[in-house]
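Below you'll find the structure, written out as structure tokens, and then a few comments.
FYI, it's all coordinate maths here, none of it is from the lab. Since the structure is predicted, the reported quantities are computational estimates derived from the model, not experimental observations. In this analysis, Cβ positions are derived from the backbone assuming ideal geometry, glycine residues included, and neighbour counts consider all displayed protein chains.
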Ligand code: HPA
């Protein structure tokens with residue numbers, strides 16, 4: 001058994017010793033969505049510290065625990081806090097929580113994040129649903145011996161962001177009067193924000209929003225056959241698009257302000273995922 005798979009199974013055992021809850025939907029909460037738990041009928045919470053070997057985030061605003069419960073009638077597991085590659089963890093640790101949630105039973109992965117917008121029609125506070133991504137600026141989490149128990153060596157990436165889930169999210173946004181943008185998200189490693197020249201490069205490549213998470217998780221989840229969707233909160237215009245320097249505080253403040261609308265979109269969409277489960 002590979003070391004990575006062994007560690008994953010150790011974490012699974014550790015969680016299963018605390019709860020037998022079986023989630024159908026896994027939700028990763030990005031910046032600003034930390035208090036989403038208020039919208040969940042909570043059954044059980046597990047602090048990441050209590051899972052042996054589990055990677056723990058060091059970023060302010062990313063405190064870490066799994067929340068198990070119900071969004072309306074849908075059983076979910078919510079990640080309050082995630083680790084990022086820039087924190088120094090191996091990429092296999094960055095995607096361990098995603099893999100773990102699949103092993104716990106989740107069939108759908110709902111990824112959320114904060115990003116910088118490149119598309120000139122975007123403004124701070126907009127939401128962008130991911131239609132596709134660019135992964136080649138971050139390490140691929142599947143590099144190394146393939147874990148055959150999880151998935152195939154060469155996974156197809158044609159339909160990573162599930163069409164049915166996207167349709168539901170679009171319908172919910174339209175019903176709720178939320179202006180939902182769509183586009184391509186690129187993950188860079190961070191932790192420095194991009195330079196204006198890098199932003200110009202990314203725009204040439206067709207990128208609409210850029211951030212420091214999500215894509216590696218989507219790759220690992222796709223490898224395991226999960227249905228995936230993602231929404232990014234565009235917290236700022238990317239470097240060089242305005243005169244202002246970028247700060248983490250500004251990103252956090254924009255994410256916090258957008259949170260009520262973001263939560264509505266999340267809750268109403270997840271509630272309708274029974275249609276595809
Ligand atoms: N770049 C990368 N990540 C981000 C940004 C950005 O401009 N804003 C929020 N997360």
> Based on Cα positions only, what radius of gyration and what Dmax would you give for the stretch 3-275, in angstroms?
Replying inline: 17.4, 52
>> Can you tell me the orientation of helix 163-176 relative to the chain, as the angle in degrees between its alpha-carbon axis and the longest Cα principal axis, to the nearest 10?
In response: 60 degrees
>> Running a GNM on the chain with Cα contacts under 10 Å, which residue among 23, 245, 141 ends up with the highest mean-square fluctuation?
In response: 245
> Once you put a point 7 Å from the Cα of residue 249 and another 7 Å from the Cα of residue 174, both along the Cβ direction, what distance in nm separates them?
Replying inline: 4.2 nm
> In whole Å, what is the distance between the alpha-carbon centres of the stretch 11-89 and the stretch 172-203?
Replying inline: 24 Å
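For every helix of n ≥ 4 consecutive DSSP H residues, a contribution of -39,500 (n - 2.57) applies; sum these over the chain, divide by its total residues, and give [θ] at 222 nm rounded to the nearest 500 deg cm²/dmol. Display every interim value, and only then the final one.
Details: 7 runs with 82 residues, N = 277.
The helix-only estimate for the chain comes to -9000 deg cm²/dmol at 222 nm.
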> Taking other Cβ within 10 Å of each residue's Cβ, how do 110, 66, 127 sort, fewest first?
Replying inline: 127, 110, 66
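Provide 235, 11 in ascending order of the number of other Cβ atoms located within 10 Å of each residue's Cβ, fewest first.
On the way: 235 29, 11 21.
In increasing order of surrounding Cβ atoms, one gets 11, 235.
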>> Please arrange 102, 7 by how many other C-beta atoms lie within 10 Å of their C-beta, fewest to most.
In response: 7, 102
> How far, in degrees from 0 to 90, does helix 3-16 lean away from the longest principal axis of the Cα atoms of the chain, to the nearest 10?
Replying inline: 70 degrees
>> Connecting C-alpha atoms closer than 10 Å in a GNM of the chain, tell me which of 180, 165, 188 has the biggest fluctuation.
In response: 180
> In whole percent, what relative contact order does the chain give with Cα contacts below 8 Å and a gap of six or more residues?
Replying inline: 26 percent
> If you average the sequence gap of Cα pairs under 8 Å that are 6 or more apart and divide by the length of the stretch 48-183, what percent do you get for the contact order?
Replying inline: 19 percent
> Which angle from 0 to 90°, rounded to the nearest 10, does the C-alpha axis of helix 248-271 make with the longest principal axis of the chain?
Replying inline: 60 degrees
>> For the chain, set up a GNM with springs between Cα atoms under 10 Å and report which of 39, 156, 164 has the largest fluctuation.
In response: 156
> Of all DSSP beta bridges in the chain, what percent run antiparallel (nearest 5)?
Replying inline: 40 percent
